[in-house]
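Before I ask anything, here is the structure I am working with.
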Amino acid sequence: MRSPRERALAALALAAACALAGGGEVRFLVQSSPLAGFRYHEAPAVFAAIRVGDPLALVREPANPHDANAVRVEWRGHVLGYVPRAENAAVAWALDRGEPLRARVSRVREHPNPRQRIEFEVYLE
């Protein structure tokens, strides 16, 4: 089984090859995740305005005291939460190397479990 770093490298190489070969826009999905920390940040206040397809900002927090691989997720300048700790190593690694990762909202739904209210995709263009 490949490590998150090896999977990220393979994804980046494949996306680069596809972009060069086709000359058009290629979007390669790196991962899909639920938003971690929904209830602890601004997500509850802006939840009603968030739509599927909305772009998200991924912001590295290497000095985060709880997780050296922390990646904050923002929507229109509002902190929604984080990439889940169990899934953030490859994203943090790629962002630290300047890879052009993008993110967008892939699912929004009312749910009693805050962790299942917003899902997002991280991709490479």
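The values are calculated or read from the model by the stated rules, or taken from the named source; none is laboratory data. Everything quoted here is computed from the prediction, not taken from an experiment. When we count neighbours, we look across all protein chains shown, and the Cβ atoms used for this are built from the backbone with ideal geometry, even at glycine.
Considering each residue of segment 107-120, count those that are surrounded by fewer than 17 Cβ atoms within 10 Å (Cβ to Cβ) and either free of Cβ contacts under 8 Å to residues at least 24 places away in the same chain or in a loop (DSSP other than H, G, I, E, B) (or both), and give that number.
Here the count works out to 5.
Take the residues in segment 24-45 that are hydrophobic (A, V, I, L, M, F, W, C) and more than 15 Å from ARG109 (Cβ to Cβ); name whichever of them is modelled with the lowest pLDDT.
Among those that are hydrophobic (A, V, I, L, M, F, W, C) and more than 15 Å from ARG109 (Cβ to Cβ), it is VAL26.
Quick check: anything in segment 78-97 touching a strand residue (DSSP E or B) at 6+ places or on another chain (Cβ under 8 Å), in contact (Cβ under 8 Å) with a residue 12 or more places away in the chain, farther than 23 Å from PHE28 by Cβ and not hydrophobic (A, V, I, L, M, F, W, C)?
Looking through segment 78-97, at least one residue is touching a strand residue (DSSP E or B) at 6+ places or on another chain (Cβ under 8 Å), in contact (Cβ under 8 Å) with a residue 12 or more places away in the chain, farther than 23 Å from PHE28 by Cβ and not hydrophobic (A, V, I, L, M, F, W, C).
Is it true that some residue in segment 67-78 is within 12 Å of the chain's Cα centre (by Cα), part of a loop (DSSP other than H, G, I, E, B) and surrounded by 15 or more Cβ atoms within 10 Å (Cβ to Cβ)?
Yes, there is a match, as at least one residue in segment 67-78 is within 12 Å of the chain's Cα centre (by Cα), part of a loop (DSSP other than H, G, I, E, B) and surrounded by 15 or more Cβ atoms within 10 Å (Cβ to Cβ).
How many residues does segment 43-53 contain that are surrounded by fewer than 16 Cβ atoms within 10 Å (Cβ to Cβ) and not in a helix (DSSP H, G or I)?
3
Only one of ALA86, ALA94, ALA103 is in a helix (DSSP H, G or I), closer than 13 Å to SER33 by Cα and among the small types (Gly, Ala, Ser). Can you tell me which? Explain how you work it out, then say what you get.
Working: ALA94 fails: closer than 13 Å to SER33 by Cα; ALA103 fails: in a helix (DSSP H, G or I).
Going through ALA86, ALA94, ALA103 in turn, the sole match is ALA86.
So, ARG104, is that one out of contact with any helix residue (DSSP H, G or I) (no Cβ under 8 Å at 6 or more places or on another chain), free of Cβ contacts under 8 Å to residues at least 60 places away in the same chain and closer than 19 Å to GLU6 by Cα or not? Before the answer, list the steps.
Numbers: out of contact with any helix residue (DSSP H, G or I) (no Cβ under 8 Å at 6 or more places or on another chain): yes; free of Cβ contacts under 8 Å to residues at least 60 places away in the same chain: yes; closer than 19 Å to GLU6 by Cα: no.
In short, no.
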